[in-house]
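Report on the following structure.
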Protein chains: 2
Amino acid sequence: MGYEFDEQVEVRGADGEYAAELSPGWLVGGGLNGGYLLAVVGNALRASLPGKPDPLTISAYYLSASVPGPATVSVEVRRDGGSVATAAVDLRQGEEARLTALATYGDLGRLGDDVRTTAEEPVMPPPEECVSHAFAPEQVRRMAPMLQRFDMRFHPGQVGWAVGQPSGNGLLSAWFRLADGREPDPISLLMVVDALPPVTFDLGMPGWAPTLELTAHVRATPAPGWLKVRHATRNMAGGMFEEDCEVWDSAGRLVAQSRQLARQPRPAAD
Amino acid sequence: MGYEFDEQVEVRGADGEYAAELSPGWLVGGGLNGGYLLAVVGNALRASLPGKPDPLTISAYYLSASVPGPATVSVEVRRDGGSVATAAVDLRQGEEARLTALATYGDLGRLGDDVRTTAEEPVMPPPEECVSHAFAPEQVRRMAPMLQRFDMRFHPGQVGWAVGQPSGNGLLSAWFRLADGREPDPISLLMVVDALPPVTFDLGMPGWAPTLELTAHVRATPAPGWLKVRHATRNMAGGMFEEDCEVWDSAGRLVAQSRQLARQPRPAAD
């Protein structure tokens with residue numbers, strides 16, 4: 001059986017030129033989710049770099065809002081030598097540049113197995129004791145079809161924002177898995193780092209926060225099962241904020257880290 | 001009077017094609033400092049984007065070690081509309097690609113003046129009570145001419161690594177200013193985020209840590225005077241580590257944040 005996520009990020013083509021069909025299933029606010037787009041270009045990079053299947057680091061700059069439908073993805077290899085390769089990738093729809101990115105790929109399976117992580121895994125009640133995003137108000141679900149793609153369970157101590165009582169700490173944590181049971185892999189992690197609501201919800205600013213730039217590091221192949229995802233910000237200023245994301249797998253390993261620079265949200269349209 | 005940093009990052013040219021002369025004054029270990037190179041391409045981007053003088057975010061991928069001498073810098077604007085512009089930039093020496101980067105520029109002076117920073121400014125004793133990098137052993141200073149470019153004063157509680165007693169916390173803090181008194185600006189901040197020793201010194205791994213990728217966000221124009229710089233890591237694994245840097249200005253504002261993915265250091269050559 002095929003999983004919907006694999007179909008949604010599929011690219012067809014060769015030699016650095018690919019066609020993709022961007023799915024309406026990832027709409028949120030005014031466009032398609034930035035993490036979904038990152039997974040699409042991440043898949044094209046994988047196709048272009050034989051023997052280096054995994055994103056180690058990728059930096060995407062979002063140029064204009066993507067819409068459901070056809071897109072082209074062009075990959076240009078900048079350096080391929082030794083254990084890693086670096087490439088540039090562009091996603092376009094017609095004449096419109098949507099996203100431009102740089103990435104270094106390698107093989108996570110060939111990295112050393114030393115782990116000296118000082119970060120601490122978020123402490124979460126079990127998923128069945130957390131707050132499902134399925135309880136989101138109808139108007140939120142209508143403007144965010146992407147919410148149907150996954151199962152997301154928020155830490156019950158960090159969902160004051162959902163009932164008009166944001167903590168002001170700039171912190172959100174949730175369990176995460178794809179709705180149809182597809183297990184996480186290094187490509188899906190590129191989506192996961194941008195799947196939660198903006199951390200600004202917890203600062204009393206609900207609404208869509210357009211990403212200017214997002215860089216993700218994939219640090220290990222995730223084990224099957226639920227992921228823990230943690231969003232935090234330390235600096236909202238000048239109409240922008242940085243959002244740090246950590247993704248922990250079911251084995252308790254920090255498998256991805258990302259940081260994005262985003263514009264402060266405007267009030268959500270209803 | 002001209003300052004040496006301005007001469008060292010100078011680019012000459014027009015229409016997106018520039019020549020630079022990379023300075024031997026920024027040598028460290030096997031090549032030129034990555035932050036210095038970021039400032040050189042940052043200066044070329046500034047020259048290419050009239051009305052948008054300041055880096056808001058820049059992501060550099062390091063392809064091969066740079067050497068002192070001539071370099072070319074090519075800028076290609078990807079989108080220039082509204083208050084920000086995004087461009088790609090490549091730094092080459094002869095046929096060798098050294099660095100490729102993406103950046104979004106704007107005008108820091110036109111951003112809103114709201115500040116809701118939850119990060120806390122590092123607490124440091126005054127510079128005169130901190131440990132100057134001028135006390136570094138002769139062999140370290142010989143392999144790192146860049147140490148002569150600035151005045152750096154380490155937090156006395158975080159320099160155990162200098163006497164063979166790293167804390168294992170993965171944390172370094174220092175006061176920083178350029179040696180000749182040039183005040184910080186958004187371009188020099190691109191160098192500052194990569195000027196301290198790798199945070200792995202504090203994990204008992206002295207030596208040069210090659211950067212794969214570095215993304216810096218410049219969040220405000222720095223006030224004149226000493227900067228406080230803080231390096232930390234949360235995840236060393238698979239032979240790589242992420243290094244987060246924060247730069248605070250003399251007015252107590254968080255003016256730059258960066259994260260890099262680097263390879264674990266090899267032992268320093270003597």
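Rundown of residues vs (1) closer than 26 Å to B:Pro222 by Cβ; (2) touching a helix residue (DSSP H, G or I) at 6+ places or on another chain (Cβ under 7 Å), yes/no style:
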{"residue": "B:Gly51", "(1), (2)": "yes, no"}
{"residue": "B:Asp54", "(1), (2)": "yes, yes"}
{"residue": "B:Ser74", "(1), (2)": "no, no"}
{"residue": "B:Arg79", "(1), (2)": "no, no"}
{"residue": "B:Val89", "(1), (2)": "yes, yes"}
{"residue": "B:Glu96", "(1), (2)": "no, no"}
{"residue": "B:Leu99", "(1), (2)": "yes, yes"}
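Does A:Trp248 fit the bill of being surrounded by 23 or more Cβ atoms within 10 Å (Cβ to Cβ), of a type in the set (Phe, Trp, Tyr) and either away from chain B (no Cβ under 11 Å) or under 22 Å from A:Gly106 (Cα atoms) (or both)?
Values: surrounded by 23 or more Cβ atoms within 10 Å (Cβ to Cβ): yes; of a type in the set (Phe, Trp, Tyr): yes; either away from chain B (no Cβ under 11 Å) or under 22 Å from A:Gly106 (Cα atoms) (or both): yes.
The answer is yes for A:Trp248.
When the stretch B:190-243 is examined, which residues are found to be among the polar types (S, T, N, Q) and more than 25 Å from B:Met143 (Cβ to Cβ)? Lay out the reasoning, then the answer.
From the stretch B:190-243, those among the polar types (S, T, N, Q) are B:200, B:211, B:215, B:221, B:233, B:235; that's our starting set.
Matches in the stretch B:190-243: B:Thr215, B:Thr221, B:Asn235.
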- When the stretch B:223-237 is examined, which residues are found to be out of contact with any helix residue (DSSP H, G or I) (no Cβ under 7 Å at 6 or more places or on another chain) and at the interface with chain A (Cβ under 8 Å from one of its Cβ atoms)? B:Arg234, B:Asn235, B:Ala237
- Message: Looking only at the stretch B:148-159, how many residues end up being in contact (Cβ under 8 Å) with a residue 24 or more places away in the chain and part of a helix (DSSP H, G or I)?
- Response: 4
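What do you reckon, is A:Gly170 of a type outside the set (S, T, N, Q), on the phi > 0 side of the Ramachandran plot and open to solvent by less than 30 Å² (accessible area, probe 1.4 Å)? Full working, then the answer.
Values: of a type outside the set (S, T, N, Q): yes; on the phi > 0 side of the Ramachandran plot: yes; open to solvent by less than 30 Å² (accessible area, probe 1.4 Å): yes.
Yes, satisfied.
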- A:Ala44 vs (1) out of contact with any Lys or Arg (no Cβ under 9 Å at 6 or more places or on another chain); (2) surrounded by fewer than 24 Cβ atoms within 10 Å (Cβ to Cβ): all pass except (2)
- Enumerate the pairs (first residue in the stretch B:193-214 and of a type in the set (Asp, Glu); second residue anywhere and assigned to a strand (DSSP E or B)) with beta-carbon separation below 6 Å, excluding pairs fewer than 6 apart on the same chain, so at least 6 apart or on different chains. B:Asp202/B:Leu171; B:Asp202/B:Leu172; B:Glu213/A:Thr57; B:Glu213/B:Tyr61; B:Glu213/B:Leu261
- Hey, among the residues in the stretch A:175-219 that are assigned to a loop (DSSP other than H, G, I, E, B) and buried (at least 24 other Cβ atoms within 10 Å of the Cβ), which one's farthest from the other protein chains (Cβ to nearest Cβ)? A:Ala195
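Suppose the filter is of a type in the set (S, T, N, Q), in contact (Cβ under 8 Å) with a residue 24 or more places away in the chain, within 20 Å of A:Ala216 (Cβ to Cβ) and open to solvent by less than 20 Å² (accessible area, probe 1.4 Å); does A:Ser66 pass it?
On the way: of a type in the set (S, T, N, Q): yes; in contact (Cβ under 8 Å) with a residue 24 or more places away in the chain: yes; within 20 Å of A:Ala216 (Cβ to Cβ): yes; open to solvent by less than 20 Å² (accessible area, probe 1.4 Å): yes.
Criteria met by A:Ser66.
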- Task: Scan the stretch A:62-97 residue by residue and report those that are among the polar types (S, T, N, Q), under 20 Å from A:Leu212 (Cα atoms) and at the interface with chain B (Cβ under 9 Å from one of its Cβ atoms).
- Result: A:Ser64
- For residues that are assigned to a loop (DSSP other than H, G, I, E, B) and of a type in the set (A, V, I, L, M, F, W, C), scanning just the stretch B:1-17, find the one that is nearest to B:Leu102 (Cα to Cα). B:Val9
- Message: Which numbered condition in (1) of a type in the set (A, V, I, L, M); (2) loosely packed, with under 15 Cβ neighbours inside 10 Å; (3) in contact (Cβ under 8 Å) with a residue 12 or more places away in the chain is the only one that B:Val131 fails?
- Response: (2)
- Note on the structure: Taking the stretch A:98-124 and keeping only residues that are more than 7 Å from every other protein chain (Cβ to nearest Cβ), assigned to a loop (DSSP other than H, G, I, E, B) and surrounded by 13 or more Cβ atoms within 10 Å (Cβ to Cβ), one is left with A:Asp107, A:Glu121, A:Pro122, A:Met124
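Just one of A:Thr211, A:Thr215, A:Thr221 is touching a strand residue (DSSP E or B) at 6+ places or on another chain (Cβ under 7 Å), over 17 Å from B:Leu214 (Cα atoms) and among the hydroxyl-bearing types (Ser, Thr, Tyr); which is it? Write out each step before concluding.
On the way: A:Thr215 fails: over 17 Å from B:Leu214 (Cα atoms); A:Thr221 fails: touching a strand residue (DSSP E or B) at 6+ places or on another chain (Cβ under 7 Å).
Testing whether each residue is touching a strand residue (DSSP E or B) at 6+ places or on another chain (Cβ under 7 Å), over 17 Å from B:Leu214 (Cα atoms) and among the hydroxyl-bearing types (Ser, Thr, Tyr) leaves just A:Thr211.
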- Note on the structure: Selection over the stretch B:74-97 where residues are out of contact with any Gly (no Cβ under 8 Å at 6 or more places or on another chain) and either among the aliphatic types (A, V, I, L, M) or surrounded by 15 or more Cβ atoms within 10 Å (Cβ to Cβ) (or both) yields a count of 11
- Note on the structure: Pairing a residue in the stretch A:70-86 that is without any contact (Cβ under 8 Å) to a residue 24 or more places away in the chain with any residue that is open to solvent by 70 Å² or more (accessible area, probe 1.4 Å), where Cβ atoms lie under 6 Å and the two sit 6 or more apart in sequence or on different chains, gives A:Thr86/A:Arg79
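The values are calculated or read from the model by the stated rules, or taken from the named source; none is laboratory data. The structure displayed is predicted, hence computed values, not measured ones. Backbone-built Cβ (ideal geometry, glycine too); neighbour counts: all protein chains shown. Surface accessibility is based on the protein's heavy atoms, side chains included, excluding ligands, DNA and RNA. Shrake-Rupley method; radii C 1.70, N 1.55, O 1.52, S 1.80 Å.
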